[in-house]
Amino acid sequence: MSLLGAAEIRELAAQLDLRPAKSLGQNFVHDGNVCRKIVRTADVVESDIALEIGPGLGSLTLALLEVAREVIAVEIDSRLAQQLPLTVAQHSDRSDALQVHNLDALQLQSLEKDPTVLVANLPYNVSVPVLLHLLETLPSLQRGVVMVQAEVADRLAAKPHSKEYGVPSVKAAWWADVTGAGSVSRTIFWPQPNVDSKLVAFTRRTPPGDEAMRKKVFMVIDLAFAQRRKMLRAALSSLFGSSAAAESALQSVGIDPTLRGEALDIQDFCTIAKCV
């Protein structure tokens, strides 16, 4: 199997009269070695059904087809969705292992087959909503590696007591253990973005509660980080009726009301949500 290089990427774009759209985060990977590294980092094996969001012109898709049993690609751009099977057929003998869906990943609710691993170059502007949506909607996803803007990667993988720690960090932790998995050079993309990229890896774990609990926990998270510098007793005052009531509730479950949201982990937020 041959992967796509810079020349092929440009040729395909010209053939499609494609002008990469910044609104869709269209920066196409043209380095085959990096694509294979991403697949290895995600520990993709031959029994996996891989889900790829935003396959673009197919660089990462071809690398996934070298290993995974099947690849499900979700592409919002209809031109790219129509071209992808043709490109795969030209470069691989495994085109029958590819399914392409032309839709917005944020609208994805179900698939005919259950994907086990997520490997994707996520559009910068919707990377966090897409990842959280997939973790919520597709419980069959057990692990994955996504390439996102460096600052987003830092926020997703951040731990309590760090300046990067915030809403994305805690919400992702509801479903998975998230870690940084390395940096990626700007030079592997066409067109070259004006931001740096990093890889983020996740491994699913059992959520700390049911769906009703998740909604409560996420409401508490949103309030706690709405104004980062506020102490919890003030940030959660609207939830409990007053700052004094919030302070009393927090003390009753052993949480210091003078802490800020950045000091709490997902279990702490669950503890708070249980007394709402």
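The values are calculated or read from the model by the stated rules, or taken from the named source; none is laboratory data. Worth saying up front: this structure is predicted, and the values here are computed from it rather than measured. Positions of Cβ are backbone-derived with ideal geometry, glycine not excepted, and every protein chain shown enters the neighbour counts. Accessible surface is based on the protein model in full, side chains and every heavy atom, while ligands, DNA and RNA are left aside. Shrake-Rupley method; radii C 1.70, N 1.55, O 1.52, S 1.80 Å.
Things worth noting here:
- Karplus 3J(HN,Hα) series, Hz, for segment 73-87 with 6.51 cos²θ - 1.76 cosθ + 1.60 (x for Gly, Pro): 10, 10, 10, 7, 7, 4, 5, 5, 5, 6, 7, 4, x, 5, 4
- Under 5 Å from the amide H of Asn121 lie the amide H atoms of Ile53, Met147, each residue being 5 or more positions distant or on a separate chain, with H modelled from the backbone and absent for Pro and chain starts.
- Förster radius 30 Å - calculated FRET efficiency between Asp265 and Gln99 (Cβ-Cβ, nearest 0.05): 0.20
- From the coordinates shown, P(r) over Cα pairs in 10 Å bins from 0, in percent corresponds to which of [x] 7, 29, 30, 18, 11, 4, 1; [y] 7, 29, 35, 21, 7, 1, 0; [z] 7, 33, 40, 18, 2: [x]
- Using θ = phi - 60° and Karplus 6.51 cos²θ - 1.76 cosθ + 1.60, couplings along segment 212-219 (whole Hz; Gly, Pro as x): 4, 5, 4, 4, 5, 4, 5, 5
- Projecting the Cα positions of Gln142, Pro208, Ser127 onto the charge dipole of the chain (unit charges on Cβ atoms of Lys, Arg, Asp and Glu, taken about the Cα centre) puts Pro208 furthest along the positive direction.
- Only beta bridges with both residues in segment 93-241 are counted; by DSSP, about 75 percent of them are antiparallel.
- Taking amide hydrogens as placed 1.01 Å from N in the peptide plane, the amide H of Gly182 sits under 5 Å from those of Leu199, each at least 5 positions away in sequence or on another chain.
- Taking all protein chains as shown and a probe of 1.4 angstrom, Leu111 keeps an accessible surface of around 30 Å².
- Annotation: amide H-H contacts under 5 Å for Asp48 (H modelled 1.01 Å from N, sequence separation of 5 or more, or interchain): Arg69.
- For segment 1-79, applying the loop criterion from DSSP together with a ceiling of 13 other beta carbons within 10 Å to the GluC sites (Glu not before Pro) yields Glu46.
- Heavy-atom accessible area ranking, 1.4 Å probe, most first, across Thr137, Thr41, Thr187, Thr61: Thr187, Thr41, Thr137, Thr61
- Segment 118-168: trypsin sites (Lys or Arg not before Pro) in DSSP coil with no more than 11 other Cβ atoms inside 10 Å: Lys163
- Pairs from the list Lys37/Lys171; Lys171/Lys215; Lys37/Lys159; Lys198/Lys230; Lys113/Lys198; Lys171/Lys216 with a Cα-Cα gap above 22 Å: Lys37/Lys171; Lys37/Lys159; Lys198/Lys230; Lys113/Lys198.
- 0 to 90° range, to nearest 10: angle between helix 6-15 axis and the chain longest Cα axis: 80 degrees
- Coupling constants for segment 98-104 follow from the phi torsions by the Karplus curve (6.51 cos²θ - 1.76 cosθ + 1.60, θ = phi - 60°), and in residue order they are 10, 10, 10, 10, 8, 7, 6 Hz; glycine and proline get x.
- Area accessible to solvent at Met219, 1.4 Å probe radius, in Å²: 80 Å²
- Net charge in the neighbourhood of Met147 (other residues with Cβ under 13 Å of its Cβ; Lys, Arg +1, Asp, Glu -1) is 0.
- The heavy atoms of His133 present about 30 square angstrom of accessible area, all protein chains included, probe 1.4 Å.
- When the Cα positions of Ala172, Met219, Ser243 are compared along the charge dipole of segment 172-243, Ser243 comes out farthest toward the positive end, with charges on each C-beta of Lys, Arg, Asp and Glu.
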